[in-house]
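Nothing in this text is a laboratory measurement; each read-out follows from the coordinates by a stated rule. Please read these numbers as outputs of a predicted model, since none were measured by experiment. In this analysis, Cβ positions are derived from the backbone assuming ideal geometry, glycine residues included, and neighbour counts consider all displayed protein chains.
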Amino acid sequence: MLRHNQAVDERHREIYLPGHEKRLSTIKSPKDVLNGKLTVFPNPAEDHITIDYRIDIAFDQALVRIIDQKGVVVQESVLKQQRDQVLLPLDLIPSSYRCEILIDGISYRSTQLIIK
């Protein structure tokens, strides 16, 4: 809460994630949630990928999604820990996809994925 005549530093203001109004989390930007940590390899890939990630806030649900060029979710997996490496088997046609991390329904980080 701000006191009278107290300035707001927009880079360090408190925000509340939807559904977490009572849970305090100070986030400078959505990138801070993963602290710049989302790595997908190998890329280009054929039949599997490894996703290396770190989430720096408490969450109720975290997902990793693979999304095709039309915006259709073609694969989804639940992330159970705040930091991990997840091996995902793939059965996708060769194309360009987007791999994204969702935390409590909000997309926070994504990267391009090429399937050859």
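Listing ASP56, ASP47 from the residue with the fewest other Cβ atoms within 10 Å to the one with the most, what is the order? Spell out each step's value before the answer.
Working: ASP56 14, ASP47 9.
If I rank by nearby Cβ atoms, fewest first, I get ASP47, ASP56.
Once you put a point 7 Å from the Cα of HIS48 and another 7 Å from the Cα of SER95, both along the Cβ direction, what distance in nm separates them?
Those two pseudo-labels are separated by 2.4 nm.
Work out how much length ASP56 to SER107 would gain on full extension: take 0.36 nm times their residue separation and subtract the Cα-Cα distance, in nm to one decimal. Before the final figure, lay out the partial values.
Values: separation 51, 0.36 × 51 = 18.36 nm, distance 1.45 nm.
So the chain would gain 16.9 nm between ASP56 and SER107.
Go through segment 98-109 residue by residue and turn each phi into a ³J(HN,Hα) via Karplus (6.51, -1.76, 1.60, θ = phi - 60°); whole Hz please, and just put x for glycine and proline.
Per-residue couplings from phi come out as 10, 9, 9, 9, 10, 10, 6, x, 10, 6, 10, 8 Hz.
In segment 30-115, what % of DSSP beta bridges are antiparallel (nearest 5)? Mind dumping the intermediate values first?
Details: 32 of 33 bridges.
Bridges in segment 30-115 that DSSP calls antiparallel: roughly 95 percent.
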